[in-house]
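Let me begin by presenting the structure, written as structure tokens, before commenting on it.
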Amino acid sequence: MSERRCGPHTKLVENDNLRISQCPCGSYHLNFAKRGLTVQVGEAEARALAAGLGVVVRVADAEARGRALGTLPSN
């Protein structure tokens, strides 16, 4: 995060569950509305979180289809 001062945020994403905004100081604020939780992260943490959540979504999608990730369907 940089030395710039905090101020009005730029809204990047907002839905019923999540709001993500960028602060002029360079940090990102992730607000989980239904949990009442706000997390402030830097660019590297935001990238790591996005990569990790990509894996979570693939696992959840595979489980929703009733099969484990990485297994081939039997014929």
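The values are calculated or read from the model by the stated rules, or taken from the named source; none is laboratory data. Being a predicted model, the structure only gives us computed values, none of them experimental. Glycine also receives a Cβ, built like all others from the backbone with ideal geometry; neighbour counts cover every protein chain displayed. Heads up: the accessible areas ignore ligands, DNA and RNA and are worked out on the full protein's heavy atoms, side chains in. Shrake-Rupley method; radii C 1.70, N 1.55, O 1.52, S 1.80 Å.
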Quick check on region 1-52: take the gyration tensor over C-alpha atoms, sort the square-rooted eigenvalues as a ≥ b ≥ c, and tell me if it's rounded (a/c under 1.5), prolate or oblate.
oblate
Enumerate by residue number the trypsin sites (Lys or Arg not before Pro) in region 6-59 meeting two conditions: DSSP loop (anything except H, G, I, E, B), and at most 14 other Cβ atoms within 10 Å of the site's Cβ.
34, 35
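Figure the gain on full extension for residue 34 and residue 9 (residue separation times 0.36 nm, minus the Cα-Cα span) and round it to one decimal in nm.
7.0 nm is the gain from fully extending residue 34 to residue 9.
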If I ignore ligands, DNA and RNA and count only protein heavy atoms, how much of residue 30 is accessible to a 1.4 Å probe, in Å² to the nearest 10?
20
